[in-house]
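The next block holds one structure in the form of structure tokens; read it before the comments.
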Amino acid sequence: MIIQLDQNIETAQLGQLKEKLNNIQYKTTEVKTQFNHYIIGVGKKEFDIRAIGTLPGIRDIHRVSDAYKLVSRKWRVAESVIDLGDDVKIGGGNFQIMAGPCSIESEEQIEKTVAHLKANGVRIMRGGVYKPRSSPYSFRGLGIPGLKLFYQKCREEGIKIVTEVMMVEQIESMFDYVDIFQVGARNSQNFNLLDALGEVDKPILLKRGISGTINELLQAAEYIFSNGNERIMLCERGIRSYEQAYRNTLDINAIPILKEKSHLPVIIDPSHGIGVRKHVESVALAGVIAGADGVIVEVHETPEKAFSDGQQTLEFKEASRLYERLRQTSGFRRSIGLA
Ligand code: PEP
Ligand code: MN
């Protein structure tokens, strides 16, 4: 059960509400986000919700029986929109492209990528400075000095930044230089990190775990929301299956299912999803047809020289063609009335 409270609910009214819920054996959790104030009630007993909904200080009440609640669409029917400012919005009919290298490598690389994005009207640049790598001997990122450089170049040109945070301890030092914190697939159930990102007033791009179910992804998002941060995007990036012919099994089905179950925007990552450069374009377009609110894609001036994930990275010309086709496909989807 989700109870949305009036912002100016009195302490006595809140006490009365909690007592009523405790009396019917409901466990209550108080949630204050950057926008709203809620009580989440978890219990089994059937009761007439009007008896609670009519108490003073209550704005709204909804029965949500799923394990995830605040991220559920049963409660908030309208799609959430993430507003990054400067007219960069994601969700609720706003389609966005996020593009850039797997890893931030050098000043020159950032400058070239920013120029490429500007020329193509892409407003958000991706790039990792903390890289989760399967081998400890692989390139693991430039860290904060790289992020500062990334920030400086992007700010000059009005480009927003999405970059991965791997540990709670990194959040504070990254905060000023980030527009969207990315949670990688390997950290999708790092509950301490999710808790901490709930206390941060910056949007989060939450990736699905390598073997994560849709339910687990939504519950991971619930960790962030219930700790205070409503600005979350879900990202389908492929899961590990028995198939070995490509890097991951991009779960196109997850897109309409997530959109049905949650009000949060859904982003598709075709680069990690298939892991094969020449097929990135077609699966990206498939994701848009399936209803994705945005695409995050790896691009590099010279993919064969990229420090990481070159095999799935598009070069600039291929990427430009993809952006155009993504926009056309997004328009086409709307034109044929797919909801
Ligand atoms: C990445 O975006 O480069 C990345 C490491 O992604 P994932 O967490 O999905 O593997
Ligand atoms: Mn990568």
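The values are calculated or read from the model by the stated rules, or taken from the named source; none is laboratory data. As the structure is a prediction and not an experimental result, all values here were calculated from the model. We place every Cβ from the backbone using ideal geometry, glycine too, and count neighbours over all the protein chains shown. Calculation scope for accessible area: heavy atoms of the full protein, side chains included, ligands and nucleic acids excluded. Shrake-Rupley method; radii C 1.70, N 1.55, O 1.52, S 1.80 Å.
Inspect the stretch 77-92 for any residue being out of contact with any Pro (no Cβ under 9 Å at 6 or more places or on another chain), among the acidic types (D, E), open to solvent by 20 Å² or more (accessible area, probe 1.4 Å) and closer than 30 Å to A306 by Cα and give the result as yes or no.
no
Give the residue that is farthest from L70 (Cα to Cα), with candidates limited to residues of the stretch 174-200 that are aromatic (F, W, Y) and part of a helix (DSSP H, G or I). Explain how you work it out, then say what you get.
Going through the stretch 174-200, the residues aromatic (F, W, Y) turn out to be 175, 177, 181, 191.
Now narrow it down to the ones that are part of a helix (DSSP H, G or I): 175, 177, 191.
On the way: F175: 25, Y177: 28, F191: 17 Å.
Checked the stretch 174-200; the qualifying residue farthest from L70 (Cα to Cα) is Y177.
For the stretch 101-141, enumerate the residues that are away from ligand 1 (no atom under 13 Å from the Cβ), basic (K, R) and either within 13 Å of Y151 (Cα to Cα) or not in a helix (DSSP H, G or I) (or both).
Correct list: R123 only.
Mind listing whichever residues of the stretch 22-52 are open to solvent by less than 50 Å² (accessible area, probe 1.4 Å) and closer than 25 Å to G198 by Cα? Walk me through how you get there before you give the answer.
Quick first cut of the stretch 22-52, residues open to solvent by less than 50 Å² (accessible area, probe 1.4 Å) only: 24, 26, 28, 31, 33, 36-41, 43, 47, 49, 52.
Y26, T28, V31, T33, N36, H37, Y38, I39, I40, G41, G43 - these are the residues of the stretch 22-52 that are open to solvent by less than 50 Å² (accessible area, probe 1.4 Å) and closer than 25 Å to G198 by Cα.
Condition (residue is within 27 Å of I232 (Cβ to Cβ), in a loop (DSSP other than H, G, I, E, B) and modelled with pLDDT of 95 or more) applied to the stretch 9-23: is it met by at least one residue?
Within the stretch 9-23, the subset within 27 Å of I232 (Cβ to Cβ) is 9, 14, 17-18, 21.
Next, only the ones that are in a loop (DSSP other than H, G, I, E, B) stay: 9.
When the remaining residues are screened for being modelled with pLDDT of 95 or more, the result is 9.
Within the stretch 9-23, one or more residues are within 27 Å of I232 (Cβ to Cβ), in a loop (DSSP other than H, G, I, E, B) and modelled with pLDDT of 95 or more.
Looking at the stretch 201-231, which of its residues are away from ligand 2 (no atom under 16 Å from the Cβ), of a type in the set (V, I, T) and either in contact with a helix residue (DSSP H, G or I) (Cβ under 6 Å, 6 or more places away or on another chain) or not in a loop (DSSP other than H, G, I, E, B) (or both)?
Residues satisfying the conditions are I204, I214, I224.
Out of contact with any helix residue (DSSP H, G or I) (no Cβ under 7 Å at 6 or more places or on another chain), within 13 Å of ligand 1 (Cβ to nearest atom) and open to solvent by 10 Å² or more (accessible area, probe 1.4 Å): does that describe A306? Walk me through how you get there before you give the answer.
On the way: out of contact with any helix residue (DSSP H, G or I) (no Cβ under 7 Å at 6 or more places or on another chain): yes; within 13 Å of ligand 1 (Cβ to nearest atom): yes; open to solvent by 10 Å² or more (accessible area, probe 1.4 Å): yes.
Yes; evaluated as a whole, the condition is true for this residue.
Residue pairs, Cβ under 6 Å, 6 or more apart or interchain, first in the stretch 272-296 and assigned to a helix (DSSP H, G or I), second within 14 Å of ligand 1 (Cβ to nearest atom) and of a type in the set (D, E, K, R). List them.
So the pair list comes out as H272/R237; G273/R237.
Across the stretch 232-272, which residue is surrounded by the fewest Cβ atoms within 10 Å (Cβ to Cβ) among those that are within 16 Å of ligand 2 (Cβ to nearest atom) and of a type in the set (K, R)?
Looking at the filtered set, the residue picked out is R240.
For the stretch 186-200, how many residues are more than 16 Å from ligand 2 (Cβ to nearest atom) and open to solvent by 10 Å² or more (accessible area, probe 1.4 Å)?
Restricting attention to the stretch 186-200, the residues satisfying the condition of being more than 16 Å from ligand 2 (Cβ to nearest atom) are 189-200.
After this cut, where a residue has to be open to solvent by 10 Å² or more (accessible area, probe 1.4 Å) as well, the list is 189-192, 195-196, 199-200.
Residues flagged as more than 16 Å from ligand 2 (Cβ to nearest atom) and open to solvent by 10 Å² or more (accessible area, probe 1.4 Å) within the stretch 186-200 amount to 8.
Residue check, L149 against (1) in contact with a helix residue (DSSP H, G or I) (Cβ under 8 Å, 6 or more places away or on another chain); (2) under 22 Å from M233 (Cβ atoms); (3) open to solvent by less than 70 Å² (accessible area, probe 1.4 Å); (4) hydrophobic (A, V, I, L, M, F, W, C), all met but one. Which one?
Condition not satisfied by L149: (2).
List every residue pair whose Cβ atoms sit under 6 Å apart, with the two residues 6 or more apart in sequence or on different chains, where the first one lies in the stretch 128-139 and is hydroxyl-bearing (S, T, Y) and the second, anywhere, is away from ligand 2 (no atom under 12 Å from the Cβ).
Here the result reads Y130/M166, each pair linking the stretch 128-139 to a residue that is away from ligand 2 (no atom under 12 Å from the Cβ).
Against the condition more than 21 Å from A220 (Cβ to Cβ), open to solvent by 10 Å² or more (accessible area, probe 1.4 Å) and within 16 Å of ligand 1 (Cβ to nearest atom), how does Q328 come out, does it pass? Walk me through how you get there before you give the answer.
Numbers: more than 21 Å from A220 (Cβ to Cβ): yes; open to solvent by 10 Å² or more (accessible area, probe 1.4 Å): yes; within 16 Å of ligand 1 (Cβ to nearest atom): no.
Considered against the rule, which asks whether it is more than 21 Å from A220 (Cβ to Cβ), open to solvent by 10 Å² or more (accessible area, probe 1.4 Å) and within 16 Å of ligand 1 (Cβ to nearest atom), Q328 comes out as no.
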